[in-house]
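The values are calculated or read from the model by the stated rules, or taken from the named source; none is laboratory data. The structure presented is a predicted model; accordingly, all values stated were derived computationally and were not measured. Neighbour counts are summed over all protein chains in view; Cβ atoms, including those assigned to glycine, are modelled from backbone coordinates with ideal geometry. Quick note on the areas: whole protein, heavy atoms, side chains included, nothing else; ligands and nucleic acids left out. Shrake-Rupley method; radii C 1.70, N 1.55, O 1.52, S 1.80 Å.
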Amino acid sequence: HAPAHPPFSTTLSLATRHLNFATSPSCPTPGHAMAHYEAASASYAAAAEAGRAIGLEPCVLEAVERLGFSAGESGRGLRGVVDGEEAEKARREVEEGGGW
């Protein structure tokens, strides 16, 4: 049966990919950057859970959680410059695997 948590390295890699794209010059709009920061934050949280499930050291888990918190703060910082419609459109694209 499938593991309860996605593999730690896969989830951490996805989080890093979202974070890198959010800060990339090729990120198309502030809404996309915000959505990728939010996705990075969620993925870092999932990576921390996966790491906890396999018994990683607390210092590693804390570092991953801090990255997630920082990504979330960056996403929240963009909310003031992104209108609601743009934000929702970008979130949907990112959730559906697009917006890259």
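Listing for the model above:
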{"read-out": "Segment 69-84, residues that are open to solvent by 90 Å² or more (accessible area, probe 1.4 Å) and modelled with pLDDT of 90 or more", "value": "F69, R76"}
{"read-out": "Unique match (being open to solvent by less than 40 Å² (accessible area, probe 1.4 Å), in a helix (DSSP H, G or I) and under 20 Å from E93 (Cβ atoms)) among A15, A47", "value": "A15"}
{"read-out": "A40 vs. criteria free of Cβ contacts under 8 Å to residues at least 24 places away in the same chain, open to solvent by less than 80 Å² (accessible area, probe 1.4 Å) and in contact with a helix residue (DSSP H, G or I) (Cβ under 6 Å, 6 or more places away or on another chain)", "value": "no"}
{"read-out": "Residue tally, condition closer than 15 Å to H18 by Cα and of a type in the set (D, E, K, R), over segment 77-100", "value": "5"}
{"read-out": "Within segment 57-68, considering residues that are out of contact with any helix residue (DSSP H, G or I) (no Cβ under 7 Å at 6 or more places or on another chain) and over 11 Å from Y44 (Cβ atoms), the one surrounded by the most Cβ atoms within 10 Å (Cβ to Cβ)", "value": "E62"}
